[in-house]
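**Q** Below is the structure I would like to discuss, written out as structure tokens.
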Amino acid sequence: MNRRKKNPRWYFSLRSPYSWFAYRDLTERYPDVLDTIEWIPYWEPDEESTRLLSEAGVTLPVMPMHRAKNFYILRDARRWAQARDWKVTWPVDRAPHWEVSHLAYLAAEEAGRGKEFVALAYQARWNEGRDLAERTTIAGIARELGLDPGIADAVDDPELRAKGVRCLVAAYHDDAFGVPFFVHGREGFWGAERVSAFVAAVRGVSWDGGSDAPFPVPPAVNPVGQER
């Protein structure tokens with residue numbers, strides 16, 4: 001994976017409500033595009049992944065989220081979901097460890113069930129409030145898909161760990177600083193509000209300039225490295 005790659009792609013996170021919003025819009029409104037783009041997971045790396053990234057000369061633009069912004073995202077996500085009449089149950093992340101779910105996604109992808117894994121993981125997190133850092137949660141998703149529940153231990157697999165780091169390196173070279181982040185050619189699109197702009201680029205048509213947010217969004221400046 002590198003920035004010269006031509007195929008359109010999106011960087012998604014199983015943590016971010018805005019990635020979930022973008023996923024739902026892509027699924028429900030633009031399934032033709034979702035089926036043709038490359039899916040690349042992005043998450044806040046743990047100590048081991050950070051070490052491997054450092055060896056590759058990469059430092060991700062990730063910073064601790066300010067308490068005020070965390071509460072804002074909570075309110076904004078509820079507002080967004082209510083405007084779309086989507087059910088949302090805010091999860092409690094007792095000990096967040098995002099390699100558990102994202103490396104499991106890579107294992108499911110290798111088994112040809114990556115997209116289905118994402119669908120069930122989002123359902124577990126945002127509809128059922130389940131903790132994706134719990135290996136029992138991931139094992140249950142695997143069983144539902146007919147996969148080996150051992151993918152819940154993907155975080156312990158050095159090859160999957162290395163593959164995950166390559167995903168994060170790709171994000172770095174694509175200048176992705178938050179999620180969801182979409183890339184088409186040399187153009188990047190950040191945020192769930194820019195799904196239709198990305199779709200227009202993929203389809204080769206003009207974008208009408210509209211936002212995908214279900215309510216008016218005032219201009220805002222967001223700190224680098226924060227999710228949208």
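**Q** Mind computing the radius of gyration and Dmax over the alpha-carbon atoms of segment 85-181? Å is fine for both.
**A** Spelled out, the Cα radius of gyration and Dmax of segment 85-181 are 13.6, 42 Å.
**Q** Within the chain, count lysine pairs with alpha carbon atoms under 29 angstrom apart where the residues are 8 or more positions apart or belong to different chains.
**A** 7
**Q** If each Cα of segment 22-133 is one equal point scatterer, what is log10 of I(q)/I(0) from the Debye formula at q = 0.19 Å⁻¹?
**A** Listed by q, the Debye log ratios stand at -1.31.
**Q** Using amide H atoms built 1.01 Å from N in the peptide plane, name the residues 5+ places from L14, or on other chains, whose amide H lies under 5 Å from its own.
**A** Y42
**Q** Taking θ as phi - 60°, what are the ³J(HN,Hα) couplings along segment 70-82 by the Karplus curve (6.51, -1.76, 1.60), each to the nearest whole Hz, with x for Gly and Pro?
**A** 4, 5, 4, 4, 4, 5, 5, 5, 5, 4, 4, 5, 5
**Q** Let me ask something else. Using the Karplus equation 6.51 cos²θ - 1.76 cosθ + 1.60 (θ = phi - 60°), what ³J(HN,Hα) coupling, rounded to whole Hz, does each residue of segment 200-211 give in order, writing x for Gly and Pro?
**A** These are the phi-based 3J(HN,Hα) values: 4, 5, 5, 7, x, 10, 6, 7, 7, x, x, 8 Hz.
**Q** Calculated from DSSP H runs of 4 or more alone, at -39500 (n - 2.57) each and per residue, what is the 222 nm mean residue ellipticity of the chain, nearest 500?
**A** Theoretical 222 nm ellipticity from helices: -13500 deg cm²/dmol.
**Q** Working from the pairwise distances between different alpha carbons, so that the mean of 1/r is found and then inverted, what is segment 107-147's Kirkwood radius in Å?
**A** Computed over Cα pairs of segment 107-147, the Kirkwood hydrodynamic radius comes out at 10.1 Å.
**Q** Per q in 0.11, 0.16, 0.17 1/Å, what log10 I(q)/I(0) does a Debye calculation on the alpha-carbon atoms of the chain return?
**A** Those come out to -0.53, -1.21, -1.38, one per q.
**Q** Quick one: 3J(HN,Hα) in Hz for segment 149-165, Karplus 6.51/-1.76/1.60 with θ = phi - 60°, rounded, Gly and Pro as x.
**A** Coupling constants for segment 149-165: x, x, 5, 5, 9, 4, 4, 8, 8, x, 5, 5, 4, 5, 5, x, 4 Hz.
**Q** Under 5 Å between amide H atoms, partner at least 5 residues away or on a different chain: which partners does E38 have, H built in plane at 1.01 Å?
**A** Counting only residues 5 or more places away or on other chains, the set is R9, W10.
**Q** Would you mind putting 29-40, 152-163 in packing order, based on average other-beta-carbon counts within 10 Å, highest first?
**A** Answer by packing, highest mean first, reads 152-163, 29-40.
**Q** Quick check on segment 9-203: of the DSSP beta bridges with both residues there, what percent are antiparallel, nearest 5%?
**A** 65
Read-outs: derived from the displayed coordinates by stated rules, not from any lab. A quick note: this is a predicted structure, and the numbers were derived from the prediction, not measured. No Cβ is skipped: glycine too gets one built from the backbone with ideal geometry, and neighbour counts run over all protein chains shown.
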